[in-house]
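All remarks here apply to the structure that follows.
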Amino acid sequence: MLWSDHIQKIICLCFTVPGIVGNILIFVRYVYHFLMGTGKKSVDLILIHVAFSNIVITCSTVIRDLATVFYFRNFLGDVGCKIVVFLGRMARGLSICTTCLLSMVQAVTINPWTTLWRKLKSQTTGQIFLYLLLFCIFNSLISSNLLYYITVVSTVNISGTDMYGGYCYMQSSRLIVRYFFISLMAFRDVIFQSLMGWSSASMALHLYKHHKRVLYLHSSKCVNNSSPEIRATLSTLILMTCFLFFYWVDFLFSCYTGFTVTRNSITFIIKTFLEPGYAVLCPFILISRDVHATK
């Protein structure tokens, strides 16, 4: 068990710390470009929000997991436990909403001639900021129950509670309250992931048509890579695929562990990769696809 704990600590640090650094670099890069650039691009504002959400997700995961494997269960107290879990849940919801918005804005950018996309084409930076503000309020309300029911392990009797990680526990609540907040989260995930899939399919179809049009050129690959719109669209599609992969694998794995009540070191290691997986890989996808960010 001692070696297992050491392995968990190393994996937790080696996997999440590069994600925090990468998201900070992306955040600073797009904030600088948004403030100092000649044009205030809506995509830059969305990517700033994506990076910020990823930073919060990764930091909350690091704090919670390190508190578990290092047995620092009381270093933040009851208030700190509520804040860490609340921010992590809220940022996860923000990541879903903001990634969906990024997909839809990119779909509008490359294919503005569809009737629906044409109506969404003229979205200013102020309108995008309003959407992001509404996302923050909406996800804060969905996660508000955690501020009341989450408590640190040392202040409650463990029996009759649901373990949240290994650092915090969720007290029992009335069924109507629990199902109400679960329904809100399910409604949010279904709506935004459906929009994400729809816009991603639209982008993929547009890229396919574009590829068919340029097949007669000998340097079609060069043409695809040289277009900023096409390069940004490919980056967005890669992000969408990465997000959906980690979301559904984490969801299925959580269902499996919930039904089998499996709690061991292997489970902890897998959850360490799945929960912050998208938040950790997202900045490196953006850096690898963005020439200016790489420089």
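Report note on the peptides 130-141, 237-248: ranked by the mean count of other C-beta atoms within 10 Å, highest first, their order is 237-248, 130-141. Projected label points at Ile287 and Tyr179, each 7 Å from Cα along the beta carbon direction, are separated by 4.7 nanometres.
Any read-out appearing in this document is the output of simple, stated calculations on the displayed coordinates, not a laboratory observation. Just so it is clear, the model here is predicted, and its values are computed rather than measured. Ideal geometry is used to build each Cβ from the backbone, glycine not excepted, and the neighbour counts take in all protein chains shown.
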